[in-house]
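Below is one structure, written out as structure tokens; the observations come after it.
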Amino acid sequence: LTGVLDDCLCDIESIDDFNTFKIFPKIQKLQERDYFRYYKVNLKRPCPFWADDGHCSIKDCHVEPCPESKIPVGIKAGSSNKYSKAANNSKELEDCEQANKLGAVNSTLSNQSKEAFIDWARYDDSQDHFCELDDERSPDAQYVDLLLNPERYTGYKGPSAWRVWNSIYEENCFKPRSVYRPLNPLAPSRGGDDGESFYTWLEGLCLEKRVFYKLISGLHASINLHLCANYLLEETWGKPRWGPNVKEFTRRFDPLETKGEGPRRLKNLYFLYLIELRALSKVAPYFERAVVDLYTGNGHEDAESKALLLDIFRDTKSFHMHFDEKSMFAGDKKGAKSLKEEFRLHFKNISRIMDCVGCDKCRLWGKLQTQGLGTALKILFSEKEIQSLPENSPSKGFQLTRQEIVALVNAFGRLSTSIKELQNFKVLLQKTR
């Protein structure tokens, strides 16, 4: 893969160098820190679109939740959308709740009206969300240690996995009615409609709908790369050996085996990397404020985590070929607004489809990566709110929950790893020739 990517002025070689020498080593270290390694997720939410096909019973599909005793006290005690020491002080929260109970407005409201107010507030909060967020207060939500549950090939495949990707591509990727071939790259192609001719429909779409397809295709390529790079090669005497599977990589990405589509999928991975990189550079002012602590209860670790995160932000700002998100939704105001809303709802739907994944480990990483991308999109479309944040108090206009912050960093970490793994596969392929 070489050359300039479509729909932006950036070349692949620049991204490779930037990722290898600047981003990858730092993001790896950041993901190992307590604040970013524990992710709260509900893996028991029912599939909202079809009857469950049954769960994957392969042992590698299993996710080991984290015992409460292992979770840092500051994360466990914290309110879901706060990260500073003050926000985790339960005395302050109790005082605040007491004041609310005594408030004149509240005492004159019926229970029905109170519930309506709560619904409105929730509705307002969800207006900028591109993802269906898990309710962290649900008894089914559990902390997972991401370092102990790495994303890798579990053996989960067949009709259940196919159905999930098929639903994502066919029902949510703005497919024109004139295109008969399934968008899902896992689907068997029909007749002679392959490779290049298939992509002519994509060029006919507006930029925003093209971008949407590329983001989903890039996410799919990234997930496939992780599975090829961390594959169960053999299991002797109960000792599994995981590593890169060149044959599996060629099956999914080689131009000859994919009718020319493999390199396009990988280009979409680079495009997705650029989108999330842009979001990180845009959200920096949010984290640069003293009010944001990345609080775990360990002051020394928290200060180091924040310093490393701000260092990564400086690197993202230094990149000189960012995607220009201002080119999106730039038409007449009414059309642009309805297109943005359509874009948001389609993506939200995809985040809900992740609750239909039958393998728990695949579901965990699918939810985390779609939530990370959804958070990146929320950031890109909230630039004005981020620029006008108050320095020393929590913001009303733009807010990130801890769940969103952890997903954003880990999802970008996965993309960074994908691009690094791609370099490894290039070397391995040269050796096998």
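Being open to solvent by 40 Å² or more (accessible area, probe 1.4 Å) and either in contact (Cβ under 8 Å) with a residue 24 or more places away in the chain or of a type in the set (A, V, I, L, M) (or both) is the filter here; which residues of region 1-19 pass it?
Residues satisfying the conditions are Leu1, Val4, Asp6, Asp7, Leu9.
Looking at (1) modelled with pLDDT of 80 or more; (2) assigned to a helix (DSSP H, G or I), which one does Ile118 not meet, given that it meets all the others?
In the conditions (1) modelled with pLDDT of 80 or more; (2) assigned to a helix (DSSP H, G or I), Ile118 misses (1) alone.
Which one is nearest to the chain's Cα centre (by Cα) among residues in region 216-252 that are part of a loop (DSSP other than H, G, I, E, B) and touching a residue at least 12 places away in the same chain (Cβ under 8 Å)?
Filtering first and then ranking leaves Asn230.
Check Pro139, Pro159, Pro150 and return the single one that is free of Cβ contacts under 8 Å to residues at least 12 places away in the same chain and surrounded by fewer than 17 Cβ atoms within 10 Å (Cβ to Cβ).
Pro139 is the lone residue from the list that is free of Cβ contacts under 8 Å to residues at least 12 places away in the same chain and surrounded by fewer than 17 Cβ atoms within 10 Å (Cβ to Cβ).
Considering only residues that are open to solvent by less than 60 Å² (accessible area, probe 1.4 Å) and either among the small types (Gly, Ala, Ser) or more than 25 Å from the chain's Cα centre (by Cα) (or both), which ones fall in region 258-278?
Hits for region 258-278 are Thr258, Gly260, Gly262.
Against the conditions (1) buried (at least 16 other Cβ atoms within 10 Å of the Cβ); (2) modelled with pLDDT of 85 or more; (3) closer than 30 Å to Asp17 by Cα, where does Lys317 fall short? Just the number, please.
Going through (1) buried (at least 16 other Cβ atoms within 10 Å of the Cβ); (2) modelled with pLDDT of 85 or more; (3) closer than 30 Å to Asp17 by Cα one by one, Lys317 breaks only (1).
I'd like to check which helices (runs of 4 or more DSSP H) are fully inside region 327-433 and have at least 3 residues that are in contact (Cβ under 8 Å) with a residue 60 or more places away in the chain, crowded, with 22+ Cβ neighbours inside 10 Å and aliphatic (A, V, I, L, M).
By residue number, 360-380, 402-432.
Tell me which residues, restricted to region 32-51, are open to solvent by 20 Å² or more (accessible area, probe 1.4 Å) and either part of a helix (DSSP H, G or I) or basic (Lys, Arg) (or both).
Matches in region 32-51: Arg33, Asp34, Arg37, Lys40, Lys44, Arg45.
Just name the residue that is nearest to Val164 (Cα to Cα) out of those in region 339-376 that are touching an Asp or Glu at 6+ places or on another chain (Cβ under 8 Å) and hydroxyl-bearing (Ser, Thr, Tyr).
Ser351
Looking at (1) under 20 Å from Gly366 (Cβ atoms); (2) more than 24 Å from the chain's Cα centre (by Cα), which is the one condition that is false for Pro255?
(1)
The values are calculated or read from the model by the stated rules, or taken from the named source; none is laboratory data. Predicted model only: the values in this text are computed from it and were never measured. We place every Cβ from the backbone using ideal geometry, glycine too, and count neighbours over all the protein chains shown. Areas reflect the complete protein model, heavy atoms only, side chains present, ligands, DNA and RNA absent. Shrake-Rupley method; radii C 1.70, N 1.55, O 1.52, S 1.80 Å.
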